[in-house]
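Participant: Quick one: this structure, given as structure tokens, is what I'll be asking you about.
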Amino acid sequence: MTSSELWTRATADRYDAEESETSSAAFLEPTLAFLADLAGDGRALEFAIGTGRVGVPLRESGVPVAGIELSEHMAAVLRHKIDEETLPVTIGDMASTVVPGDFTLVYLVYNTITNLLTQDEQVECFRNAARHLTPGGRFVIELGVPPLRFLPPGQVAVPFDVSERHLGFDTFDLVEQILVSHHFTRDGDHYRRDASRHRYAWPAELDLMARLAGLELERRVADWSGEPFTENSAKHISVWRKPSR
């Protein structure tokens, strides 16, 4: 049993509209170039592929892609965009579900590793990635750096978006490494409230998870364009490599 919260049909149906900016060709161009370069002539496997925001255009660019997705509702939206033969998707948990074949690239984007709410499951996610990789293959994660420096003493919430149609802030349980993302989204004359739980992790913790899975850190950058990762970076793109021998 996975600890991930299951995305509902209502969430799946509105996901693409709410992520229209991050789904645009201009926004995705560096992401797709980064992933395609790592995949090379091999196949790519996306953990938590969702509605195919990244997986579908990566497949259309010529990279063979398969996916694992926990929510049948999210996968159903993807299936309206591309057929099963072209981009196969297996319904299951990214920490344990195994799909046929070997891959030169396994990737997780948009903070999705945090959907696994325990450290043990996150470790198993790394092991599952390693299980699918060919020797020399890479595992890639896109993840925000926990913004704990923005928490003054006694405060438990950090805003991440204050705009006309959306208010968003995270609250933190510093003992359990759990954050809750709270969203207030304008829907006509009303605001819709949503919340989701996540287990945040630091880059060094992920590196240890990778070592437990037999993977080695190859590089870490601040974004898909390859900007250097520094102490002030808000997120990181980390690449771990499965040794060739």
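Participant: Rounded, prolate or oblate: which fits region 1-145 when a ≥ b ≥ c are the square roots of the eigenvalues of the alpha-carbon gyration tensor, with rounded for a/c under 1.5 and prolate only if a/b beats b/c?
Facilitator: Note, shape of region 1-145 comes out rounded.
Participant: Also, I was wondering about something else. Within the chain, which complete DSSP H helices have Cα atoms spanning at least 18 Å along the helix axis and a mean Kyte-Doolittle hydropathy of -0.5 or higher?
Facilitator: 25-39
Participant: Amide H of GLY67: which non-local residues (sequence gap of 5 or more, or other chain) have their own amide H closer than 5 Å, using H built in the peptide plane?
Facilitator: Here the answer is GLU46, VAL89, THR90, since their amide H atoms fall under 5 Å of that of GLY67.
Participant: Between GLU72 and PHE27, what is 0.36 nm times their sequence separation minus the Cα-Cα distance? Round to one decimal in nm.
Facilitator: Additional length available on full extension: 13.6 nm.
Participant: Now, a different point. Any chance you could run the full-extension gain for PHE160 through SER3? It's 0.36 nm times the residue separation minus the Cα-Cα distance, nm to one decimal.
Facilitator: 54.1 nm
Participant: Rolling a 1.4 Å sphere over the protein heavy atoms, what is the accessible area per residue of the chain, to the nearest Å²?
Facilitator: So the chain comes to 51 Å² accessible per residue, rounded to a whole number.
Participant: When the dipole is taken about the Cα centre of the chain, and only Lys, Arg (+1) and Asp, Glu (-1) are charged at their Cβ, what size is it in debye, to the nearest 20?
Facilitator: For this selection, approximately 460 debye.
Participant: Taking a label point 7 Å from the Cα of THR134 along the Cα→Cβ vector, which residues of region 50-89 have an amide N closer than 16 Å to it?
Facilitator: Inside the label zone: 63-66.
Participant: Between ASP189 and ALA17, what FRET efficiency follows from the Cβ-Cβ distance if R0 is 25 Å, with the result rounded to 0.05?
Facilitator: 0.85
Participant: Here's something else I'd like to know. Is the shape of the chain rounded, prolate or oblate, going by the alpha carbon gyration tensor and its root eigenvalues a ≥ b ≥ c, with a/c under 1.5 for rounded and a/b larger than b/c for prolate?
Facilitator: Here the chain falls in the oblate category.
Participant: State, in angstrom, two size descriptors of region 1-86 derived from its alpha carbons: Rg to one decimal place and Dmax to the nearest whole number.
Facilitator: So, for region 1-86, Rg and Dmax equal 13.1, 38 Å respectively.
Participant: Right, next: Which residue fluctuates most in the GNM of the chain (Cα springs below 10 Å): THR31, THR51, THR185?
Facilitator: Checking each option, the largest mean-square fluctuation is seen for THR185.
Participant: Sticking with this one: If you average the alpha carbon positions of region 156-209 and of region 68-91, how far apart do those two centres end up, in angstrom?
Facilitator: Centre-to-centre (Cα) distance: 26 Å.
Participant: For the chain, modelled as a Gaussian network with Cα springs under 10 Å, which listed residue fluctuates most, GLU124, GLU227, GLU72?
Facilitator: GLU227
Participant: Quick one: which residues, 5+ away or cross-chain, put their amide H under 5 Å from the amide H of GLY136? H built at 1.01 Å from N.
Facilitator: LYS242, SER244
Participant: Once Lys and Arg get +1 and Asp and Glu get -1 on their Cβ, which of PHE160, VAL239, TRP224 lies farthest toward the positive end of the dipole of region 132-245?
Facilitator: Positive-end residue among those listed: VAL239.
Participant: Region 160-245: which GluC sites (Glu not before Pro) are DSSP loop and have at most 16 other beta-carbon atoms within 10 angstrom?
Facilitator: GLU164, GLU176, GLU231
Participant: Something else about it: Shape of region 115-162 from its Cα gyration tensor (a ≥ b ≥ c, root eigenvalues): rounded if a/c is under 1.5, otherwise prolate when a/b > b/c, or oblate?
Facilitator: Verdict is prolate for region 115-162.
The values are calculated or read from the model by the stated rules, or taken from the named source; none is laboratory data. In this text the structure is predicted, and so the values were computed from the model without any measurement. Here the Cβ is made from the backbone with ideal geometry for all residues, glycine too, and neighbour counts use every protein chain on show. These area figures cover heavy atoms from the full protein model, side chains too; ligands, DNA and RNA do not enter into them. Shrake-Rupley method; radii C 1.70, N 1.55, O 1.52, S 1.80 Å.
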